[in-house]
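Note sheet for the following structure.
The values are calculated or read from the model by the stated rules, or taken from the named source; none is laboratory data. Small disclaimer: the values here were computed from a predicted structure and weren't measured. Cβ coordinates were reconstructed from backbone atoms using ideal geometry, including for glycine residues, and neighbour counts include every protein chain displayed. SASA here: full protein model, heavy atoms, side chains in, ligands and nucleic acids out. Shrake-Rupley method; radii C 1.70, N 1.55, O 1.52, S 1.80 Å.
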Amino acid sequence: MKSEPDDVSFDDVLASPGQVTSWYGVRNYQARNFIRDGMKVGDGVLFYHSSCAVPGVAGLAEIVSAPYPDATQFDPKSPYYDPKATPEQPRWMGIDVKAVHQGRYVDLKELRSHPELEHMRLLAKGSRLSVMPVEPAEWRFIVKLIG
């Protein structure tokens, strides 16, 4: 899961009550579908900092809620407002994420240097999704890198 650290950083999650934050603002249908259809309580998360000076995996987290309608889609003052969404027919989903382990920051350059990760979706040319699955072998490899 990618987050811009100026918006929500891993340190922000660590400082949140219970070290839990709501993952909101996803406005891509494929990423929304990964949240809605693919994530369940207990799933691991690579918390990735994007759109920053040194993008990379900032920590490990886990999913601690079922998906639910993202409230920002209904708020006209929110940059994530969607006038086509209604409480009866929400278009966008949120999910709660809990920080589990900070460990070592693994930057994008280092991730790209490992042949074990050459097929990782995150590292594919043109990959822009904020939420995407990680293969079990990739997960295990990155967890070892983080320490």
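Here are a few things to note about the model shown:
- A count restricted to region 106-118 and to residues that are surrounded by 19 or more Cβ atoms within 10 Å (Cβ to Cβ) and over 18 Å from P5 (Cα atoms) stands at 2.
- Set P79, P90, P55, P69: member being within 22 Å of R128 (Cβ to Cβ) and either β-branched (V, I, T) or touching a strand residue (DSSP E or B) at 6+ places or on another chain (Cβ under 9 Å) (or both): P55
- Condition check for Q30 on (1) open to solvent by less than 20 Å² (accessible area, probe 1.4 Å); (2) in contact (Cβ under 8 Å) with a residue 40 or more places away in the chain: one failure, at (1).
- The strands (runs of 3 or more DSSP E) falling completely within region 8-79 that include 3 or more residues that are closer than 22 Å to R121 by Cα map to 44-49, 56-63.
- Counting only residues that are open to solvent by 80 Å² or more (accessible area, probe 1.4 Å) and of a type in the set (S, T, Y), region 119-147 holds 0 of them.
- Picking from residues in region 33-85 that are touching a helix residue (DSSP H, G or I) at 6+ places or on another chain (Cβ under 9 Å) and among the aromatic types (F, W, Y), the one that is surrounded by the fewest Cβ atoms within 10 Å (Cβ to Cβ) is Y81.
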